[in-house]
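Reading through the structure tokens given below for one structure.
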Amino acid sequence: MSKEQFNDGDVLPVFPLPNTILFPEVAIPLHIFEERYREMIKDILDGQGVFCLVTIDGKWEGEHSGDFNFFKKGTICHLEKYVPLDDGRFNIIVKGIVRCLVEDCDYRNNKKYRSVIVHKDPNDLIDDSVPAVAEEVRQIACNFFKTKPTTSTENEIDMYFDKMNLIQVINILCMHLPLEIEEKHAVFEKSSYSDICNLILDSYSSYRP
């Protein structure tokens, strides 16, 4: 699914996460265990596999009543893979499609989970990055992930990032920025890839080539 396939004003199920922001074109694994979200995944599987992922704004208390505050910019994402478990839980992989503005609504349709109204972001990111800087960001990604526990060789990591487009590389690094969630969300809300590239160069200075 592409970002052009959603309409301004669509109503989508919403899944909240503490301390996590899903950037577009990045995939993450999730373990679905709460009953309301098991129901949500079943409904998503009967539809287009699309929902909105938001980051909780404020203190996280573990399992919640379904009422939570969230940042007003989230990510429309697609359910890429799922594994149903015997007790009704799911292991899933979701991929971010596009940033969106999120408006709360009372629509539940007798469901246990909440839904939100999603709007296209008029200040969505533009790729104004400088090519030389962009290539340095790609090298930073390679150097950074070579320091992490992995079964991949350094050559395989280089090949992995060489196959990615620059936007994917930038967004993966953004998800690993050593920032508090409020600061990271400020990065998520930026509208210029050039600004984000400069932030990455500063934050990952020890990994610069």
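The values are calculated or read from the model by the stated rules, or taken from the named source; none is laboratory data. Worth saying up front: this structure is predicted, and the values here are computed from it rather than measured. Cβ atoms come from the backbone with ideal geometry, glycine included; neighbour counts cover every protein chain shown.
Quick check, is L85 surrounded by fewer than 17 Cβ atoms within 10 Å (Cβ to Cβ) and of a type in the set (A, V, I, L, M, F, W, C)? Judged against the criteria, L85 is a match. Taking first residues from region 29-48 that are free of Cβ contacts under 8 Å to residues at least 60 places away in the same chain and not assigned by TED's automatic domain parsing to the domain that holds L85 and partners that are loosely packed, with under 13 Cβ neighbours inside 10 Å and part of a helix (DSSP H, G or I), no Cβ contact under 8 Å between residues at least 6 apart in sequence or on separate chains turns up. Looking only at residues in region 1-54 that are aromatic (F, W, Y) and within 13 Å of I92 (Cβ to Cβ), the one that is farthest from the chain's Cα centre (by Cα) is F33.
The requirement of being of a type in the set (D, E, K, R) and under 22 Å from I200 (Cα atoms) is fulfilled nowhere in region 85-94; no residue meets it.
Somewhere in region 70-77, is a residue outside any helix (DSSP H, G or I), modelled with pLDDT of 90 or more and more than 16 Å from H185 (Cα to Cα)? Scanning region 70-77, I find at least one residue that is outside any helix (DSSP H, G or I), modelled with pLDDT of 90 or more and more than 16 Å from H185 (Cα to Cα), so the answer is yes.
Yes/no matrix, rows are residues, columns are (1) in contact with a Leu (Cβ under 8 Å, 6 or more places away or on another chain); (2) crowded, with 19+ Cβ neighbours inside 10 Å; (3) not hydroxyl-bearing (S, T, Y):
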site: I97; (1), (2), (3): no, yes, yes
site: D104; (1), (2), (3): no, no, yes
site: N110; (1), (2), (3): no, no, yes
site: E135; (1), (2), (3): no, no, yes
site: S152; (1), (2), (3): no, no, no
site: I172; (1), (2), (3): no, no, yes
site: H176; (1), (2), (3): no, no, yes
site: S191; (1), (2), (3): yes, no, no
